[in-house]
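The values are calculated or read from the model by the stated rules, or taken from the named source; none is laboratory data. The model shown is predicted, which means the values in this text are computed figures rather than measured ones. A quick note on method: Cβ atoms are made from the backbone with ideal geometry, for glycine too, and the neighbour counts reach across all protein chains shown.
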Amino acid sequence: MKEHHYKATIQWTGNKGTGTSGYRNYERSHTISIENKAIIEGSSDPAFRGDQTKYNPEEMLLASLSSCHMLWYLHFCSEEGIIVTEYIDHATGIMAEKENGSGYFKEVTLHPIVIVTEESMVKKANELHHKASEFCFIANSVNFPVKHIPTAATI
């Protein structure tokens, strides 16, 4: 088995002077940095005292699932001669929060809308989402269902 290794640096930037001396005394702000890439500003979800203008881990998980699916999908389309000219996904996720404050994702649903160049490609274009789901590294790593409701059409 071939392994791939990844590194990321997460640095908390939310110390307002007294650290975590109280629940309301610090920000949830942090940076996500990876060598030679743009820094991502993160926070927690606003429901957990986060900054709504910054990405939260739940959104990043959703984005990771969606982009991984898309990249595999485009790969399989190119192999099958399906010419995709546009792709957009309005992904949604449901997270359940328990009484004790912990939580988990119950499911994610991808809603990819794909434009292909010919009507004869539409059926196969929709079918290839199943294969993309089977190959997506991120979807294969989570313990909840990742559904997809694809729509393919021509220009």
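Note on region 6-34: residues that are within 26 Å of Val142 (Cβ to Cβ) and loosely packed, with under 14 Cβ neighbours inside 10 Å amount to 7. In region 123-155, of all residues being outside any loop (DSSP other than H, G, I, E, B) and polar (S, T, N, Q), the one that is farthest from the chain's Cα centre (by Cα) corresponds to Thr154. Here Pro150, Pro145 are screened, and the one residue that is at pLDDT 95 or above and in contact with an Asp or Glu (Cβ under 6 Å, 6 or more places away or on another chain) is Pro145. When region 89-106 is filtered for residues that are out of contact with any helix residue (DSSP H, G or I) (no Cβ under 9 Å at 6 or more places or on another chain) and either of a type in the set (A, V, I, L, M, F, W, C) or not assigned by TED's automatic domain parsing to the domain that holds Ser64 (or both), the ones remaining, listed by number, are Ile94, Ala96. The set of residues from region 43-63 being in a helix (DSSP H, G or I) and touching a Phe, Trp or Tyr at 6+ places or on another chain (Cβ under 9 Å) comprises Glu58, Leu61, Leu62, Ala63.
Residue-level check: of (1) farther than 22 Å from Phe135 by Cα; (2) in contact (Cβ under 8 Å) with a residue 12 or more places away in the chain; (3) surrounded by 11 or more Cβ atoms within 10 Å (Cβ to Cβ), Pro46 misses just (2).
So, in region 67-108, exactly how many residues are in a strand (DSSP E or B), touching a Lys or Arg at 6+ places or on another chain (Cβ under 9 Å), in contact (Cβ under 8 Å) with a residue 40 or more places away in the chain and surrounded by 15 or more Cβ atoms within 10 Å (Cβ to Cβ)? Even if it seems obvious, please write down each step before you answer.
The first filter runs over region 67-108 and keeps only residues in a strand (DSSP E or B), leaving 84-89, 92-97, 103-108.
Then keep just the ones that are touching a Lys or Arg at 6+ places or on another chain (Cβ under 9 Å); that gives 93-96, 104, 107-108.
Pick out the ones that are also in contact (Cβ under 8 Å) with a residue 40 or more places away in the chain and you get 104, 107-108.
From what is left, the residues that are surrounded by 15 or more Cβ atoms within 10 Å (Cβ to Cβ) are 108.
Total meeting the criteria: 1.
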